[in-house]
Amino acid sequence: MRLRLTFLPFYLVVFISLTSFAYKSVAASSVVTDSSTSNSSFSMPLWFEDFKKTATPRQMYQFLQAMPKGADLHHHLSGSGFSEWWYELGADPTKNGGYTYYTQVSNSNSSCHSDKLSALRFHTISKTTWATLPQCIQQNYIELGLLNENQKRGFMDSIRLHTPSEGREEFFSTHWQRLNELTANPTLVSKILLLNMQAYQAENLQYLETQVNVRYAKKPDGSPYTPDEALAIYTHVLGSEEAIATGVTVRFQYALVRFLPDAEAQLEWIYDFVDSHREIYVGINLVGREDDMSGQPKRFASTLRKLRAKYPKILLAFHAGESETADSNVRDTLLLGAERIGHGLNTIFDPDTLLLMRNSHYLIEINLISNLLLEYVPSYDTHPFPEYLRTGIPTALSTDDRGMFDSTLTDEFYVAVTEFNLSWEEVLTLGTNSLQYSFLQPDIKTQQLALYHQQVAEFETQVASDTVPTQTPAFRAFICKFEHELCSGDKD
Ligand SMILES: [Zn+2]
């Protein structure tokens, strides 16, 4: 059993092309005949049990990449960009809508800074903001496109968890603070969305429900976009040929940071905005670390009650229970009216809520890689996911901030299958749940579920006939550390 990840340098993130689909011999030997039916039939569940026993790590990974996966329901768009995407887009005004960015490569004059956050290495700001700074701070910064190779590596490493010393504090206290004004550029972030869609097409995902905020977007000259102007940039990308070609359907949630001083007023604004844009915005999320007591669920009860008197139902998927200690946050969040719970880790310590959620219609969004890297579980031995899955609590796998974790949805399935010995029926339950509990409009949800079942049937037929299309896995850093053999360079 893997206890802790050992971290390897980034250069061990390798991209390996597999020349053949390597589980053919397993498939061929596993076709069974079911005498209870008139047809000679193939049993995918039995095949999968056999496959798990005999597949090499690469064979398993390739299988899981090729498999239809349904949806990713817990996805922060600003946390989903891989480091090289942020760099390539941030450094090139021709790719990012005409913005020039500066990043802090030295803090020799940190005493000039008025606060700790702006003194961070690789704190990245727009040229218009940089121009307003005193000279003693300006000289700490370099234009992002002019970084040397070491600085470029430093920038990219600074926005992903890549060493054992980095964990929860590094993640919550520095990553977004460094990205800073990059996240206020809707042209750049909409390209991160397109890159996600293209990556998900390669992973055979069909629906993405991602958290996208548009309220404080800025133009290249620093002036504000209206929220509608910023949203139009995203919807333009979603309507582009490139986006449509991915076959990935996308809807947005609006995210509220729970501990902001004016969070109630923000929630009121968000309700109104989501109500006015229900075609694209299908829900609201409450995000942010729960150990900040100023963001407790009960804080929002009266505001939500007031808003429910004014607006038709808006679906809520709130983060709750992202904690290694017991509290009542999941229960309190259900009381707020949430349909889905993000993480739900500490529900395991709350028997009444655990019982309430069994065979319920509340789904827990499971983020296995996030939970390990942010140290909410010391190892997968203690993760409650199998208990939830196998006692009838609806669950689905999702990626949270996969750009910063340098991971994929295939990685999440790889961890789940190898750590918890998932059956084929359980794999399909996770995929079905990810669509069934999505916030898609009902008619589109019905279509998406039908599409998923059709794709699964086709995939099973391909497995049975040994004709699954060959894909080229792109192993990211997380999975290389988790399963060294995948990236060792020795082909099967
Ligand atoms: Zn999250």
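Just so you know, all these numbers are worked out from the coordinates, no wet-lab data involved. Everything numeric here is computed off the predicted structure, so don't read it as measured data. Using ideal geometry, Cβ is built from the backbone for each residue, glycine included, and neighbour counts are taken over all protein chains shown.
In terms of surrounding Cβ atoms within a 10 Å radius of their Cβ, GLU339, GLU181 rank from fewest to most as GLU339, GLU181. Partner aspartates and glutamates whose Cα lies under 16 Å from the Cα of LYS310, excluding those fewer than 8 positions away in the same chain, are identified as GLU264, GLU268, ASP272, ASP275. For LEU286, the amide hydrogen comes within under 5 Å of the amide hydrogens of LEU256, ALA317, PHE318, HIS319, counting only partners 5 or more places away or on other chains and with H modelled in the peptide plane.
Under a 5 Å amide H cut-off, with hydrogens placed 1.01 Å from N, HIS74 pairs with THR399, ASP400 among residues at least 5 apart or on other chains.
Working note: Karplus 6.51/-1.76/1.60 with θ = phi - 60° gives region 147-161 the couplings 5, 7, 4, 5, 5, 5, 4, x, 4, 5, 5, 6, 10, 9, 7 Hz, where Gly and Pro are set to x. Converting phi to 3J(HN,Hα) with the Karplus coefficients 6.51, -1.76 and 1.60 and the offset θ = phi - 60°, region 301-307 yields 4, 6, 5, 5, 4, 5, 5 Hz in sequence order, with x at every glycine or proline. Relative to the longest principal axis of the Cα atoms of the chain, the long axis of helix 409-420 lies at roughly 50 degrees.
Residues whose amide H comes within less than 5 Å of that of THR249, counting only those at least five positions distant or on another chain, are TYR207, LEU208 (H built at 1.01 Å from N in the peptide plane).
Within straight-line reach of LYS191, meaning a Cα separation under 17 Å, sit the following aspartates and glutamates at least 8 residues removed in sequence or on another chain: GLU84, GLU88, ASP92, GLU181, GLU209, GLU229, GLU241, GLU242, ASP401. Charge dipole (Cα centre; +1 on Lys/Arg Cβ, -1 on Asp/Glu Cβ; no other charges) of region 122-241 amounts to roughly 220 debye. Residue by residue, region 202-218 carries 3J(HN,Hα) couplings of 5, 9, 6, 9, 10, 9, 10, 10, 10, 8, 10, 10, 10, 6, 10, 6, 10 Hz when phi is fed to the Karplus relation 6.51 cos²θ - 1.76 cosθ + 1.60 (θ = phi - 60°); x denotes Gly or Pro. Using Cβ point charges alone (K and R +1, D and E -1), the dipole size of the chain about the Cα centre works out to roughly 660 debye.
The mean sequence separation of alpha-carbon pairs under 8 Å and at least six residues apart, normalised by the residue count of region 277-330, gives a relative contact order of 52 percent.
Shape class for region 83-159, computed from the alpha carbon gyration tensor (a ≥ b ≥ c): oblate, with a/c not under 1.5 and a/b at or below b/c. Against the chain, whose longest principal axis comes from its Cα atoms, helix 227-238 is set at around 40 degrees. By how many degrees, 0 to 90 and rounded to 10, does the Cα axis of helix 44-54 deviate from the longest principal axis of the chain? Once rounded, one gets 80 degrees.
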